[in-house]
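This report concerns only the one structure given below.
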Amino acid sequence: MTSDLLVIGGGIVGQIAALELAGTGARVTLVDAAHNAGSTTNAGSLHVQMQSRFIRLYPEHAPNLERALPYYKQAAECWDTLEAGLGPMHLVRKGGLMLAESSGQMAFLEEKSRREEAKGLDVALLDRAELDRIAPWIGPWIVGAELCRDEGSLNPLLVNRLLAKACADLGVICISDRIDGLTVTADRVSARGLQGRYRASEAVVAAAWGSGALVRALGVDIPTAPEPLHMNITEACEQKIDHLVQHAERSLTLKQFGTGQIVIGGGWSAHDHGVDTVPGVRAGSLLGNVALAARLAPAIGTLRIIRTWAGMNTTADGTSIVGRLPGAERVIMAVPGDAGYTLAPLVAQMAASIVLGRDPPADPAPCSPARFAA
Amino acid sequence: MTEITFTFNGAGVAASGGQSLAAALIAAGRREFRVTAGGKRRGVFCGIGVCQDCLVTVDGTPNRRACMTGAVDGMAVETQSAFPALRSDAEVPDTPRARVLTPDVLVIGGGAGGLSATIAARRAGAEVVTLDERTVPGGQYYKQSADGGLLDAQQAEGATLVEDARSSGAEIINSVEIWGAFDGPLILAESENAALIVRPRTVIVATGAYDRPIIVPGWTLPGVMTTGAAQTLWRSYRTLPGRRIVVCGSGPLNLQVALELAVGGAEIALVAEAAPSAFRHPLRGARCSIHGPTLAWKGLAMLCGLRWRRVPVRNGLRLAAVEQYEGGLSATFRRTDGGTCTVRADAVCMNAGFEPQNEILRLLGARMTYDPAVGHLRCERSQTLETSVSGIFAVGDCVGLGGAPAACAEGRIAGLSAAALSGHGDGRGLASDRRALRRHRRFQNALWQLHDVSPTPLDSLPEDTVLCRCEEVTVGETLAGYAVNPGHLGTLKRATRIGMGPCQGRYCGPAAARLIAEKTGEALTDRSFFAPRVPVKPVTINAVFSAEEALRGDE
Ligand SMILES: Cc1cc2nc3c(=O)[nH]c(=O)nc-3n(C[C@H](O)[C@H](O)[C@H](O)COP(=O)(O)OP(=O)(O)OC[C@H]3O[C@@H](n4cnc5c(N)ncnc54)[C@H](O)[C@@H]3O)c2cc1C
Ligand code: FES
């Protein structure tokens, strides 16, 4: 099958990239393994401030993360435009709170907010009294918080539905297949799938955890690693929690969807059964994650958890990977850094503008895959 | 029995102690318990804690199932809104209560199979803990009266079984919600605001089945309920689901419950059986009586009892729709010749076979195969009724429909075998139970040939028929979702929200799985259904908190 442009991976990044490309009238084919997409399992948090989880788990990524902060702010703004164009996504941008339980944690937030402010983020430190005014449901141990006004949340299920429809409307050909090899010649890219061969003049690789393996044979070793993560959701209650809530030291995200349901996550691990199988829920993650939420927000204690799930996140080195592959320039990488759903519209638009030879919405140089070339 | 009073939306309701809130409210003529996000009224549907449509707020705590909550003097009960208020004065439970149990044999379910397994394992010398979700022991078949009275021989038989299990020395805990099942095995449950953490050596799953509904326009209206729900109301709480009742679907339970309700004083306006009359299939009828003369005789006696009471029993009638009519309901049926007839009633009871409650088994990884004859999964088991997962046994209807006598025989076999596996006894002496089991299975096979539990194909239903009760997703939306997102049930779930509500897809899931199988032409397998997930049933955040405190540092 031959088309003008090929997109491999049909998660949020692949879909938005396909939309951008098809918008120019190009014939676009999107091939997706329809399997373990982070985009169908993620929590819908729009992260802008540095997540304490990354700083703790991957301290070596922290400098990369800090450098990337302006991208997060810009990406969060992209979502406003996307919602205006595609339709309601339950997008709320009332800000994110990172809660502190001790003066030590407050000091950490103080230092963090100073660095974030320097990068242009709209942040403030709140004491308990100020917190009580905007978040009256918080538990008694909380002493204060950092507020990042750029943050928010949306409902990924709505987004995914709108995007699938928009792609279909623009004539993007969506195919369910798994690509297991890429070859690049002087005038085209050829992708070998389990069900067929797909040829195009250029290919965008937006295959998240699958990306590294796809391009390894082309001589660049990109360390995309699957990271199975755990999520919980409650039944609905009155709309009361306006913010994306996190913790200064421990893994937690908590927010209320437009459905009234409270979504609890924050990067607790799940059983890894390999990328071909859906990850499994671990008892320890369910217990630890939900118990932590109960401590921070006792008001939700009588609500019931109705569902948990585990999904496949992707990690690399903390920074997005966007740009032409060194030595195989017809292949354009589009793998977002941490909190990839947030970054997706910006990453996809950057990748699409590279393909189309347009001015990118943000400087892609720091994201270049050249950093992984031997 | 003590008389108590509680309030419902401020008005006093008189009840007898031991009655469930659902029964007390229905007896008081109240049948609308909750309001959905879409503004629709809902009431008791399943009667056994599955559907989550009987939710009420009790003393400020939202989302309590009225069918599983005992009425207590002085309770303040309110209609459940779809968006209950958060209590900003709430505190983290400061002394979480938790019990850690490590029995040789954990039996999950206190029905015919579970109680029989309990007795057998205990007699073999094993330490046994039995957990049951209901307030009243005995399960679906042997369910007991809350007031201890005995209605008939079936309840008397059940009373003996319950008594034997209690006096066996096993610890039997009722009103327990099992919500977590993990490898290990590790079973997590909530019992009266305390967490139960069970690390057994072996597990016998005996969770039974729930009624398969007839999905038609109006099946979500208050007053429409499963035949099992009506039976629980009557047998456990001496409450009639209505004065004038229609019973429909297919299978022997409908006849039995219609007769019980008639004897109890209800007017049965119609019993509609989808299958043609057994007299039109004399051979099938004869096969039944050969394989199970006593049970076949019981069936005939039920029919005679209904005739004698002038209850109209009609074959070849399928429910097509239920509508609200002057404070009551009107049920429309389609005849095999295409004609229709309409009957008015204030309760419509439905049962079109059963769906096994196999969630715990699936979570623990027990292998299942699809049984097209009854339209649901069956759990694979060895001679000793051990599943494909070592140490996990399964008995009774949760494995696939089998009936109470078979469940008893299976319970005894698994009880003895699980005890032996955990070092008690030699697991011998099962020959007569094995023989009995073979007989019961032959009878069951013959019995279901007389009925028609084939589900209505979804694409033959009006588009605005609700398919997913919880998320209020219609058949039309599901079909449209499938057209855009072909593939498997998980994809359809994300595209339409079917199965995302608190009943966790127990009704829409099997129906949608069958729809996809039809459309793709692929055979149904375990993977055609929603992936099993914890919590098995919704669990309060506070209960998870208590379990975590008790388990901390343990994993
Ligand atoms: C549980 C969880 C919660 C999360 N919460 C958040 C959050 O709140 N906020 C946030 O910003 N981010 C969150 N994330 C991260 C976010 O979901 C991902 O970073 C983002 O969705 C990545 O989008 P993507 O399009 O790059 O990749 P994906 O959505 O993962 O899609 C990649 C697609 O490529 C396909 N693919 C892979 N290899 C091949 C191949 N060889 N051939 C064809 N197709 C292939 C896959 O099957 C998949 O469909 C979360 C992730 C998880 C797992
Ligand atoms: S009637 Fe109570 S849960 Fe179904």
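The values are calculated or read from the model by the stated rules, or taken from the named source; none is laboratory data. Predicted, not measured: the structure shown is a model, and the values here were computed from it. Here the Cβ positions follow ideal geometry from the backbone for every residue, glycine too, while neighbour counts run over all protein chains shown.
Write out, first by first residue and then by second, each pair whose Cβ atoms fall under 7 Å of each other, whose residues are 6+ apart or on separate chains, and whose first residue, in segment B:333-350, is farther than 18 Å from B:ARG31 by Cβ while the second is of a type in the set (Val, Ile, Thr).
Pairs that qualify, where the first residue is farther than 18 Å from B:ARG31 by Cβ and the partner is of a type in the set (Val, Ile, Thr), are B:PHE333/B:THR340; B:ARG334/B:THR340; B:THR340/B:THR332; B:THR342/B:THR332; B:VAL343/B:VAL246.
Please pick out the residue among B:THR540, B:THR491 that is within 10 Å of chain A (Cβ to nearest Cβ) and free of Cβ contacts under 8 Å to residues at least 24 places away in the same chain.
The unique qualifying residue is B:THR491.
Do any strands (runs of 3 or more DSSP E) lying entirely in segment B:52-120 carry at least 2 residues that are crowded, with 17+ Cβ neighbours inside 10 Å and among the acidic types (Asp, Glu), and which ones are they?
Working: elements: B:55-58, B:61-65, B:76-79, B:98-101, B:105-108.
Those strands (runs of 3 or more DSSP E) do not exist here; none qualify.
Restricting segment B:184-204 to residues that are assigned to a loop (DSSP other than H, G, I, E, B) and farther than 25 Å from B:LEU416 by Cβ, which is nearest to the other protein chains (Cβ to nearest Cβ)?
Our first condition is that a residue be assigned to a loop (DSSP other than H, G, I, E, B); within segment B:184-204, this holds for B:184-185, B:192-193, B:199-201.
Narrowing further to those that are farther than 25 Å from B:LEU416 by Cβ: B:192-193.
Numbers: B:GLU192: 15, B:ASN193: 11 Å.
Going through the qualifying residues, I end up with B:ASN193.
In segment A:25-40, what residues are within 11 Å of ligand 1 (Cβ to nearest atom) and either over 18 Å from the mean Cα position of the chain (by Cα) or modelled with pLDDT under 95 (or both)?
A:LEU30, A:VAL31, A:ALA33, A:ALA34, A:HIS35, A:ASN36, A:ALA37, A:GLY38, A:SER39, A:THR40 - these are the residues of segment A:25-40 that are within 11 Å of ligand 1 (Cβ to nearest atom) and either over 18 Å from the mean Cα position of the chain (by Cα) or modelled with pLDDT under 95 (or both).
Restricting attention to segment B:169-183, and to residues there that are away from chain A (no Cβ under 14 Å) and in a strand (DSSP E or B), which single residue is surrounded by the fewest Cβ atoms within 10 Å (Cβ to Cβ)?
The residue in question is B:GLU171.
Quick one: in segment A:224-250, of everything that is farther than 13 Å from A:GLY267 by Cβ and of a type in the set (A, V, I, L, M, F, W, C), which residue is nearest to ligand 1 (Cβ to nearest atom)?
Step by step, filter segment A:224-250, then rank; the result is A:LEU244.
All but one of (1) modelled with pLDDT under 95; (2) aliphatic (A, V, I, L, M); (3) within 15 Å of ligand 1 (Cβ to nearest atom) hold for A:ALA351; which doesn't?
(1)
Quick check on this structure: which one of A:ILE332, A:ILE354, A:ILE306, A:ILE321 is buried (at least 24 other Cβ atoms within 10 Å of the Cβ) and out of contact with any helix residue (DSSP H, G or I) (no Cβ under 7 Å at 6 or more places or on another chain)?
Going through A:ILE332, A:ILE354, A:ILE306, A:ILE321 in turn, just one is buried (at least 24 other Cβ atoms within 10 Å of the Cβ) and out of contact with any helix residue (DSSP H, G or I) (no Cβ under 7 Å at 6 or more places or on another chain): A:ILE306.
Being closer than 19 Å to A:SER190 by Cα and not in a helix (DSSP H, G or I), is that true of even one residue in segment A:34-51? Please lay out each step first, then the result.
Going through segment A:34-51, the residues closer than 19 Å to A:SER190 by Cα turn out to be none.
The answer is no; no qualifying residue exists.
Tell me which residues, restricted to segment B:457-477, are crowded, with 21+ Cβ neighbours inside 10 Å and within 14 Å of chain A (Cβ to nearest Cβ).
Scanning segment B:457-477 gives B:CYS468, B:ARG469, B:CYS470, B:GLU471, B:VAL473.
Looking at segment B:26-76 only, could you name the residues that are within 7 Å of ligand 2 (Cβ to nearest atom) and not hydrophobic (A, V, I, L, M, F, W, C)?
B:GLY47, B:GLY49, B:GLN52, B:ASP53, B:ARG65
Kindly indicate whether A:ARG67 is more than 14 Å from ligand 1 (Cβ to nearest atom) and either within 14 Å of chain B (Cβ to nearest Cβ) or touching a strand residue (DSSP E or B) at 6+ places or on another chain (Cβ under 8 Å) (or both).
Values: more than 14 Å from ligand 1 (Cβ to nearest atom): yes; either within 14 Å of chain B (Cβ to nearest Cβ) or touching a strand residue (DSSP E or B) at 6+ places or on another chain (Cβ under 8 Å) (or both): no.
Considered against the rule, which asks whether it is more than 14 Å from ligand 1 (Cβ to nearest atom) and either within 14 Å of chain B (Cβ to nearest Cβ) or touching a strand residue (DSSP E or B) at 6+ places or on another chain (Cβ under 8 Å) (or both), A:ARG67 comes out as no.
Look at B:LEU150 and say whether it is touching a residue at least 60 places away in the same chain (Cβ under 8 Å) and in contact with a helix residue (DSSP H, G or I) (Cβ under 9 Å, 6 or more places away or on another chain).
Spelling it out, it is not the case that B:LEU150 is touching a residue at least 60 places away in the same chain (Cβ under 8 Å) and in contact with a helix residue (DSSP H, G or I) (Cβ under 9 Å, 6 or more places away or on another chain).
Pull up segment B:16-51, narrow it to residues that are hydroxyl-bearing (Ser, Thr, Tyr) and away from chain A (no Cβ under 14 Å), then point me to the one that is surrounded by the fewest Cβ atoms within 10 Å (Cβ to Cβ).
Selected residue: B:SER16.
Answer yes if at least one residue in segment B:474-485 is more than 16 Å from ligand 2 (Cβ to nearest atom) and touching a Gly at 6+ places or on another chain (Cβ under 9 Å), and no otherwise.
Checked against the condition, which is being more than 16 Å from ligand 2 (Cβ to nearest atom) and touching a Gly at 6+ places or on another chain (Cβ under 9 Å), segment B:474-485 yields no hits at all.
Is at least one residue of segment A:268-277 within 14 Å of another protein chain (Cβ to nearest Cβ), within 11 Å of ligand 1 (Cβ to nearest atom) and among the charged types (D, E, K, R)?
Looking through segment A:268-277, at least one residue is within 14 Å of another protein chain (Cβ to nearest Cβ), within 11 Å of ligand 1 (Cβ to nearest atom) and among the charged types (D, E, K, R).
Tally the residues that are within 11 Å of chain B (Cβ to nearest Cβ) and either more than 19 Å from A:MET89 (Cα to Cα) or touching a residue at least 24 places away in the same chain (Cβ under 8 Å) (or both), restricting the search to segment A:239-253.
Within segment A:239-253, residues that are within 11 Å of chain B (Cβ to nearest Cβ) and either more than 19 Å from A:MET89 (Cα to Cα) or touching a residue at least 24 places away in the same chain (Cβ under 8 Å) (or both) number 2.
Those residues that are at negative phi and touching a Lys or Arg at 6+ places or on another chain (Cβ under 8 Å), I need them from segment B:365-375; list them, please.
Selection gives B:MET368, B:THR369, B:TYR370, B:ASP371.
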